[in-house]
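Everything on this sheet refers to the single structure shown next.
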Amino acid sequence: MEEPGATPQPYWGLLLEEPRSVVAALPEGRGPDSTPYGFPWELVICAAVVGFFAIPFFLWRSFRSVRSRLYAGRERKLAEALSGLIEEKCRLLEKFSLVQKEYEAYEVEPSLEDASSEKEATEAQSLEATCEKLNRFNSELQHDILCLEKELKEEKSKHSEQNELMADISKRVQSLEDESKSLKSQVAEAKMTLKRFQMNEERLKIAVQEALNENSQRQESQKQLLQEAEVWKEQVSELNKQKITCEDSKVHAEQVLNDKENHIETLTERLLQIKDWAAVLEEDITDDGNLELEMNSESEGGVKITLELLP
């Protein structure tokens with residue numbers, strides 16, 4: 001007969017080791033907390049593995065419960081058969097004791113008649129044969145009772161082991177249920193976190209779109225500014241050219257002005273000399289008229305030149 005506690009260990013080993021092996025087999029980019037939103041994939045995988053192994057486990061548990069009920073029914077049947085055999089043994093022992101008493105009573109009365117003694121002898125022989133049969137049947141019953149007692153002890157030991165195993169299984173199932181509840185709560189929290197991340201993602205998309213629009217506007221304004229800068233650069237270059245031209249004209253004008261000032265100074269000196277000469281001429285009235293005319297013409301020419309040089 002199959003032992004009740006022989007099969008659950010591989011299931012428990014698979015149930016506890018399979019999530020770790022599945023998580024370890026993931027690629028490096030899909031490990032725990034490696035998604036863009038930090039979603040805990042290990043919790044989802046553990047929940048899936050627990051759900052995958054929960055159905056066979058509960059089927060196995062129901063099978064074990066049905067089997068334990070069959071064991072209990074078989075124990076009841078064996079107990080009933082054992083009680084019936086014990087009652088039968090008691091009846092046979094009572095009958096054997098009565099027959100033995102009758103046989104002893106027949107042996108104690110030697111003074112009976114020969115015919116009756118022969119009849120009683122035949123009855124005694126038949127009783128002895130019956131006693132032998134009863135003894136053989138009694139020994140067979142004792143052997144059957146011993147076998148049934150041994151089998152009943154084995155069934156009781158198996159039933160006790162099964163009860164211990166069921167208690168252990170119930171504890172483990174309770175721990176798995178607690179772990180499943182904690183995993184469900186963690187999965188719910190992960191879903192809430194995922195929803196928050198999705199909302200944040202939508203906000204980020206909107207912010208990124210606004211930033212892109214603003215960037216495009218800035219690029220357009222930058223292009224316009226560059227175009228305006230080119231225009232200003234051309235204007236500045238033209239102004240620089242005009243400035244250089246003005247500086248050249250200023251230098252030329254300053255040079256002309258210096259020349260005119262020098263000429264004016266020269267003319268002023270000549271005028272002073274002419275004044276001195278006029279004073280001398282006023283004193284000398286008797287000078288030649290031709291000389292006076294030359295001086296007047298010369299002074300008139302100097303005044304005209306002075307007027308032309310003045311701005």
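With respect to L148, determine if the residue is of a type outside the set (S, T, Y), in contact with a helix residue (DSSP H, G or I) (Cβ under 6 Å, 6 or more places away or on another chain) and at pLDDT 75 or above. Walk me through how you get there before you give the answer.
Working: of a type outside the set (S, T, Y): yes; in contact with a helix residue (DSSP H, G or I) (Cβ under 6 Å, 6 or more places away or on another chain): yes; at pLDDT 75 or above: yes.
Against the criterion (of a type outside the set (S, T, Y), in contact with a helix residue (DSSP H, G or I) (Cβ under 6 Å, 6 or more places away or on another chain) and at pLDDT 75 or above), L148 qualifies.
Test I206 against the criterion of being of a type in the set (V, I, T) and touching a residue at least 40 places away in the same chain (Cβ under 8 Å), and give yes or no. Outline the logic, then answer.
Working: of a type in the set (V, I, T): yes; touching a residue at least 40 places away in the same chain (Cβ under 8 Å): no.
Criteria not met by I206.
State yes or no: is R91 more than 30 Å from E140 (Cα to Cα), of a type in the set (K, R) and modelled with pLDDT of 65 or more? Outline the logic, then answer.
Values: more than 30 Å from E140 (Cα to Cα): no; of a type in the set (K, R): yes; modelled with pLDDT of 65 or more: yes.
Taking the combined requirement at face value, the residue does not satisfy it.
With respect to the numbered conditions (1) basic (K, R); (2) modelled with pLDDT under 80; (3) within 29 Å of the chain's Cα centre (by Cα), which one is the sole condition not fulfilled by K156?
The one condition K156 does not meet is (3).
The values are calculated or read from the model by the stated rules, or taken from the named source; none is laboratory data. Treat the numbers as computed from the prediction; the structure is a model and nothing was measured. In this analysis, Cβ positions are derived from the backbone assuming ideal geometry, glycine residues included, and neighbour counts consider all displayed protein chains.
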